[in-house]
Amino acid sequence: MRLEQSHRTERFGAVRIHELQRVIQLDSGDATGTVSDGVVSHDAIRAVEREMVIVIPCMNETRRVIEGVLSGIPHDCLVVLVSNSARHPVDRYEIEAQTVEQFCRSAERSAITVHQRDPGLAAAFKAAGMPELIDDDGLVRAGKGEAMLVGMAVAALTGRRYLGYIDADNYVPGAVHEYVKVYAAGLHLAANPYAMVRISWHSKPKLRDGRLFFSRRGRSSEITNAFLNRLVAEYSGFGTEVIATGNAGEHALSLELGLRMRLAGGFAVEPFEYVELFEQFGGVLESAHPEVMASSVPVLQIETRNPHFHDNKGEEHVQGMRMQALNVLYHSPVALPAVRSAILEFMIAQGALAPGEEPPRERIYPPVGSLAMDLFRDALAAEATTFRQLGASALVERPCLNGGPPLGG
């Protein structure tokens with residue numbers, strides 16, 4: 001793979017945000033080059049994929065769409081499907097689990113599935129020390145951020161080094177395949193134990209007047225990006241548009257980084273990752289991780305070639321995503337008064353707030369690295385009836401914290 005060179009980065013303390021890079025070639029053949037050339041060999045990509053877990057948050061997607069997503073994930077990656085699908089009157093999770101099982105049998109590979117609302121999963125998180133994730137019904141809270149947290153916790157049990165997220169509603173297997181290749185290429189080029197790669201899709205096609213229109217920007221993303229860039233600019237004193245992936249559902253990171261980060265609930269999860277990086281490693285607040293501050297945190301943003309086809313969930317869904325992103329930014333201790341005032345003005349203009357009101361707070365969960373992973377693994381295996389390992393066992397016997405090798409390994 002060949003990526004466009006990144007000539008500019010924006011610094012926010014130890015966080016290095018690279019300007020958007022394009023995929024120049026999906027396959028660069030036998031070309032060789034340095035990191036600065038943006039060329040990543042097949043072998044280098046495969047080496048990262050062998051250490052990568054791909055988490056698929058899923059909610060009531062069709063069997064055919066799930067099959068397509070699975071088929072696009074490179075063979076050496078481990079698949080973890082976290083479902084919040086309906087179980088009555090038809091058990092949609094059972095259909096999903098059977099789909100994954102049949103895929104694994106045909107493709108000769110391994111995967112893990114679990115239902116987000118499994119009482120045994122909630123018991124595992126409670127036993128491991130994260131009661132904040134449990135709702136009044138004694139179950140893991142519903143929400144995308146919560147599903148991603150579950151996926152990260154399961155990934156931490158595998159002993160692998162990298163974690164990528166792919167939304168289950170992607171209609172194009174080739175796009176899924178490209179995303180994961182980009183994850184691997186970006187993590188290789190970052191050459192840093194605390195790295196993140198965020199996808200900016202090439203276009204999102206929509207039907208207009210009987211023909212396809214290839215929109216370049218999402219309705220929620222441009223708002224989120226604008227306010228995140230405003231936050232950076234308030235500190236630097238210079239306007240910027242460097243952040244192009246505030247709502248990136250498709251993104252990957254090293255577990256060394258991920259296990260140190262808090263996650264937000266619901267659709268606030270992706271923009272809050274930027275906010276969390278700024279809070280933890282931006283140099284404004286004291287960091288609990290001097291080793292990360294010394295190393296820096298590169299954030300690579302990469303524009304892919306494949307168009308992004310997925311289900312249109314409506315204007316209400318888009319508005320909810322937009323407001324949740326602004327909620328976490330507004331309440332962040334690194335948000336300066338000018339940013340907060342601009343957010344309030346926007347939300348009032350949108351009718352989301354009445355004058356004098358403040359945005360609601362989103363749920364923020366402790367880092368997955370704070371879990372007692374041995375207790376989590378044992379309770380998960382013993383009590384979660386929907387937890388299934390398909391193919392060869394993927395979990396290490398004694399998981400460790402902070403993404404390193406298994407304890408005793």
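Annotations for the structure displayed:
- Residues in segment 331-357 that are of a type outside the set (G, A, S) and within 29 Å of L139 (Cα to Cα): H331 alone.
- Segment 249-266 - residue that is among the aliphatic types (A, V, I, L, M), crowded, with 24+ Cβ neighbours inside 10 Å and in contact with a strand residue (DSSP E or B) (Cβ under 6 Å, 6 or more places away or on another chain) and, of those, farthest from L231 (Cα to Cα): L255
- Selection status of E357, more than 25 Å from the chain's Cα centre (by Cα) and touching a residue at least 40 places away in the same chain (Cβ under 8 Å): no
- Failed condition for V154, given (1) assigned to a helix (DSSP H, G or I); (2) open to solvent by 10 Å² or more (accessible area, probe 1.4 Å); (3) modelled with pLDDT of 95 or more: (2)
- Residue list for segment 107-134, filter: open to solvent by 10 Å² or more (accessible area, probe 1.4 Å) and not aliphatic (A, V, I, L, M): E108, R109, S110, R117, P119, K126, G129, P131, E132
- Within segment 380-409, the set of residues being assigned to a loop (DSSP other than H, G, I, E, B), at pLDDT below 95 and more than 11 Å from T158 (Cα to Cα) comprises G391, A392, L401, N402, L407, G408, G409.
- Within segment 135-148, tally of residues that are open to solvent by 10 Å² or more (accessible area, probe 1.4 Å) and out of contact with any strand residue (DSSP E or B) (no Cβ under 6 Å at 6 or more places or on another chain): 8
- Taken together, the residues in segment 96-127 that are in contact with a Leu (Cβ under 6 Å, 6 or more places away or on another chain), without any contact (Cβ under 8 Å) to a residue 40 or more places away in the chain and not basic (K, R) amount to 2.
- Which listed residue, of V299, V339, V269, is of a type in the set (A, V, I, L, M), in contact with a helix residue (DSSP H, G or I) (Cβ under 9 Å, 6 or more places away or on another chain) and surrounded by fewer than 23 Cβ atoms within 10 Å (Cβ to Cβ): V339
- Test: residue in segment 5-17 that is basic (K, R), buried (at least 16 other Cβ atoms within 10 Å of the Cβ) and part of a strand (DSSP E or B): yes
- Search result, residues across segment 345-371 that are open to solvent by 40 Å² or more (accessible area, probe 1.4 Å), out of contact with any Lys or Arg (no Cβ under 7 Å at 6 or more places or on another chain) and not in a loop (DSSP other than H, G, I, E, B): E345, F346, I348, A349, S370
- Pairs with Cβ under 8 Å, 6+ apart, first in segment 249-262 and under 15 Å from M293 (Cα atoms), second open to solvent by 10 Å² or more (accessible area, probe 1.4 Å) and among the basic types (K, R): E256/R161
- Scanning segment 246-288 for residues that are assigned to a loop (DSSP other than H, G, I, E, B) and under 24 Å from V53 (Cα atoms) turns up G246, N247, A248, G249, E250, L259, R260, M261, R262, G265.
- In segment 128-151, the qualifying residues are those that are in a loop (DSSP other than H, G, I, E, B) and touching a residue at least 12 places away in the same chain (Cβ under 8 Å), and the one that is farthest from V82 (Cα to Cα) is G129.
- Within the set R50, R46, the sole residue that is open to solvent by 70 Å² or more (accessible area, probe 1.4 Å) and under 28 Å from P307 (Cβ atoms) turns out to be R46.
- Search result, residues across segment 54-100 that are among the hydroxyl-bearing types (S, T, Y) and closer than 14 Å to H177 by Cβ: S71
The values are calculated or read from the model by the stated rules, or taken from the named source; none is laboratory data. All of these numbers come straight from a predicted model, not from anything done at the bench. In this analysis, Cβ positions are derived from the backbone assuming ideal geometry, glycine residues included, and neighbour counts consider all displayed protein chains. Heavy atoms of the whole protein, side chains included, go into the accessibility calculation; ligands, DNA and RNA do not. Shrake-Rupley method; radii C 1.70, N 1.55, O 1.52, S 1.80 Å.
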